[in-house]
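Novice: Have a look at this one before I ask anything.
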Amino acid sequence: MAQIVAVELGAVYDPGVGGADFTIDSNGILQPLGLLVSRDSREDLLPRTREYNEEIPGRHGELDFGSEFQPRILELHVSTAEIDPATRYTLKRTLAGQLNPLAGVKTLVFEDDPTRMYYVKYAGDMRINTQWPTWFDFVIPFKMANPFIFSANEHSFTGSGTITNAGNVDVPFNVYVYGPAVNPIISINGEVMTWTGNLVAGDILVIDTGNQTVRLNDINALGTYNGVFPVLRAGSNDIVVSHPDTVFKWWDRWI
């Protein structure tokens, strides 16, 4: 794994927790930026919501058409270590390069909660307080376009039994059926998924319940599928498969 140089001390940083792009280590240092995190906004209970409703004249209240979560905002209040005033500009350019939103979404893990991963991107306005000559502080405004917090590692389960979704919301999953198999049947908490056809040795049937796709050896195979795309509920899920070489993969997630 590539190593990244931490900016404040020149120390070598190895992104250890799940290979995340950013890690807040046990000393409260945001690596590889080398910034001290004084506080963060993880204590916010829920993201803001987007409401869909309609008022009807002459009728009390309103019709509720459901809610959706808006992007989650995760703010990190940070400060630099003591630095030579002559290097302030260089440090600012280094930080800008690391936080560049054009590089896309990055992963963030807190070492005090290493099983969860945040998918973040810089968004907003970052004003640096430069009133002190040898250090400065500011707030990094991260946005989570997907407001859910994910498990740091993908989970896998083979065959029949009980799958535990350790998160607090339902999650989609992928099913991999490895040939040889004939007309595989999969039951998730009583919801039955069936695909009609023959798999020979070397074939792989992939059912993606999140994107609602079915592919055989990377070729569309939705035509002989029964169209059932269940989720893994938070907690325990009863799994029954007709073919033992059936593998489930998913990511726990929390709101």
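What follows is calculated from the coordinates using simple rules that are stated; it is not laboratory data. All of these numbers come straight from a predicted model, not from anything done at the bench. As a convention, Cβ positions derive from the backbone with ideal geometry for all residues, glycine included, and neighbour counts pool all protein chains shown.
Novice: Given the options Leu232, Leu222, Leu63, which has the most mean-square fluctuation in a GNM of the chain, springs set between C-alpha atoms less than 10 angstrom apart?
Specialist: Leu63
Novice: Something else about it: Quick one: Cα convex hull volume of region 75-194, Å³ per residue?
Specialist: Hull volume normalised by residue count: 166 Å³.
Novice: Sticking with this structure for a sec: Using the beta-carbon distance between Ile185 and Asn153 and R0 = 22 Å, what value does 1/(1 + (r/R0)^6) give for FRET efficiency, to the nearest 0.05?
Specialist: 0.15
Novice: If you average the C-alpha positions of region 169-188 and of region 23-42 separately, how far apart do those two centres end up, in angstrom?
Specialist: Distance between centres, Cα-based: 40 Å.
Novice: Mind checking which lysines have their C-alpha under 20 Å from Lys106, skipping anything on the same chain fewer than 8 residues away?
Specialist: Partners within reach: Lys92, Lys121, Lys143.
Novice: Could you list which residues have their amide H under 5 Å from that of Gly197, counting only those 5 or more apart in sequence or on another chain, with H placed in the peptide plane?
Specialist: Sorted by chain and number, the residues that satisfy this are Asn183.
Novice: Work out how much length Ser67 to Thr87 would gain on full extension: take 0.36 nm times their residue separation and subtract the Cα-Cα distance, in nm to one decimal.
Specialist: 2.4 nm
Novice: With a ≥ b ≥ c the root eigenvalues of the C-alpha gyration tensor of region 155-254, is it rounded (a/c under 1.5), prolate (a/b larger than b/c) or oblate?
Specialist: Cα axes put region 155-254 in the prolate bin.
Novice: Same structure, new question: Helix-only mean residue ellipticity at 222 nm, the chain, DSSP H runs n ≥ 4 weighted -39,500 (n - 2.57), per residue, nearest 500. What is it?
Specialist: Helix-only estimate at 222 nm: -1500 deg cm²/dmol.
Novice: Rounded to the nearest whole Å³, what is the per residue volume of the convex hull around the Cα atoms of the chain?
Specialist: In the chain, the Cα convex hull volume per residue is 191 Å³.
Novice: Out of all DSSP beta bridges with both ends in region 4-151, state the antiparallel percent to the nearest 5.
Specialist: 90 percent
Novice: When a/c reaches 1.5 or more, the comparison of a/b and b/c decides; with that in mind, is region 4-151 rounded, prolate or oblate per its Cα gyration tensor?
Specialist: Verdict is prolate for region 4-151.
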